[in-house]
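The values are calculated or read from the model by the stated rules, or taken from the named source; none is laboratory data. On a predicted model such as this, the values are computed, not experimentally measured, just so you know. As a convention, Cβ positions derive from the backbone with ideal geometry for all residues, glycine included, and neighbour counts pool all protein chains shown. Ligands, DNA and RNA are excluded from the accessible area calculation, which covers all protein heavy atoms including side chains. Shrake-Rupley method; radii C 1.70, N 1.55, O 1.52, S 1.80 Å.
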Amino acid sequence: MIEKEKYSLKEHNTFGIDASCASFMAYGNVVEARQVAARIREAALFLIIGSGSNLLLTHDFEGIVVTPESRFEVDIVGEEQAYTYLRCWAGTLFDDVIAYAVEHQLYGAENLSLIPGEVGASAVQNIGAYGAEAGDLISEVEAVEIATGKIVVFHHTDCEYGYRQSKFKHSWKNKYLITSVVYRFSKVYNPRLEYGNIRSALREAGIDMPTPQQLRDTIIRIRQAKLPDPKVLGNAGSFFMNPIVGRDKYESLLKTFPQMPHYTIDALHEKIPAGWLIDKCGWKGKTVGRVGVYDKQALVLVNHGQATGSEVLALCREVQRDVFNKFGIEIKPEVNIV
Ligand code: EPU
């Protein structure tokens, strides 16, 4: 167990915000997770984090911050004819799981390559990219119930996965410490190349039918071209979720903006890229003091150095207001604001 008092969280959030917490506890196994559960059960205030890649700290945190210890730990725990089940420690980097899977001929996660964050957070946030979502791979989530210290196992269907949503974000919020996740990988390679600019990026690289490693490398290249490296420029990836609007709203917007990109959700709903909405409001590449909107992808807010979380939050509010005034759409942060 790692325990610290009055501890800076600067290394624990990719925005690089220098906020502190009263106490910090990192559990390294299920036994320690149960000890942490007992501690925070009594505490007035606690916050569970992963690697902080989806977190905006707007003030010092007066309670206990809890996280699984960061380390790589994966085990094959089941085999079927078409699938292999891989149990991963909650503090394992999700991208390290994908690298391991591709090396071991286990498929289905290539399109999620280079998404920052850890295994535990993948189960909470249902991270996704290029037409794939972590929830699609999740078979089971093992956790410690904070109220009782009991070890519980949730099955995929219990978790109610949706676009960047799960029960862990809603009715199960602050009720469990996730210790491991079992992902179900396919033994058959079934590449998904239709989403976004995967095809054109492959064409540019002279690849017709990518191997799993080539697909992973292509996704990594696309992401690196569009998204800032948090080690260089503080950020938390997409700051906002892409809004889902009703068909009437979509059709009325289309009259004014016939070029508007969109993804059809179902007969009644369309998803509009928030990056496009923000870009159209003229925010792309703009800087306000020490914060700004990234110049290659307007969905990403950045810390140009030494910014506070409140400065990022103020920018978030300005961007939300402009998008609402221009399009009548409320865009909601994807990032957890504390
Ligand atoms: N667009 C603009 N201007 C911009 C940004 C985007 O016009 O500044 C347009 C693009 O031209 C494109 C559309 O908006 O037509 C969508 O852009 P993109 O393909 O970059 O994807 P996104 O919808 O902005 C989502 C995820 C990303 C994920 C990509 C690729 C959300 C909130 N974001 O972004 O996830 O990498 O798709 O699948 O769903 C993350 O969650 O942190 C993240 C990076």
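Under unit Cβ charges (Lys, Arg +1; Asp, Glu -1), what dipole magnitude, rounded to 20 debye, does the range 74-186 have relative to its Cα centre? Don't skip to the answer; put the middle values down first.
Details: 8 positive and 15 negative charges, 111 e Å.
Computed about the Cα centre, the dipole is about 540 debye.
Restricting to DSSP H runs of at least four residues, report the calculated mean residue ellipticity at 222 nm for the chain, -39500 (n - 2.57) per run over all residues, nearest 500 deg cm²/dmol.
-8000 deg cm²/dmol
Between residue 44 and residue 165, the C-beta separation translates, for a Förster distance of 35 Å, into a calculated FRET efficiency of about 0.80. In the full protein context, the range 192-320 carries 51 Å² of accessible surface per residue, based on a 1.4 Å probe and ignoring ligands, DNA and RNA.
Can you tell me the order of 252-260, 102-110, 285-293 when each peptide is scored by its average per-residue count of other Cβ atoms within 10 angstrom, highest first? Provide the component values of the computation, followed by the final result.
Working: 252-260: 11.6, 102-110: 19.9, 285-293: 17.1.
By packing density, highest mean first, the sequence is 102-110, 285-293, 252-260.
Straight-line cross-link partners of residue 10 among the lysines, defined as a Cα under 16 Å from its Cα and at least 8 positions apart when in the same chain: 231. If you model the chain as an ellipsoid using its alpha carbon gyration tensor, with each semi-axis the square root of five times an eigenvalue, the axes come out at 31, 27, 19 Å, biggest first.
Rounded to whole numbers, the Karplus 3J(HN,Hα) couplings from phi for the range 263-271 are 10, 6, 8, 7, 4, 9, 9, 10, 9 Hz, using 6.51 cos²θ - 1.76 cosθ + 1.60 with θ = phi - 60°, and x at Gly and Pro.
Think of a 1.4 Å ball rolled over the protein heavy atoms: the range 74-186 then has 38 Å² of accessible area per residue.
Close amide H partners of residue 14, meaning residues 5 or more places away or on another chain with modelled amide H under 5 Å apart, are 53, 54, 55.
For residue 20, nonlocal amide neighbours, meaning residues 5 or more places apart or on other chains whose placed amide H falls under 5 Å from its own, are 9, 60, 61. A Förster radius of 22 Å, combined with the Cβ-Cβ distance separating residue 147 from residue 1, puts the computed FRET efficiency at roughly 0.60.
The residue list 46, 102, 222 was ranked by how far each Cα lies along the charge dipole of the chain toward its positive end, using unit charges on Cβ atoms, and 222 comes out on top. Using Cβ point charges alone (K and R +1, D and E -1), the dipole size of the chain about the Cα centre works out to roughly 900 debye. Short-range pairs are left out: with C-alpha atoms under 8 Å and at least six residues apart, the relative contact order of the range 74-186 is 32 percent.
For residue 83, nonlocal amide neighbours, meaning residues 5 or more places apart or on other chains whose placed amide H falls under 5 Å from its own, are 187.
Taking every DSSP beta bridge with both residues inside the range 1-146, roughly what % is antiparallel (nearest 5)?
60
Label sites at residue 29 and residue 322, each approximated as a point 7 angstrom past Cα along Cα to Cβ, lie 5.2 nm apart.
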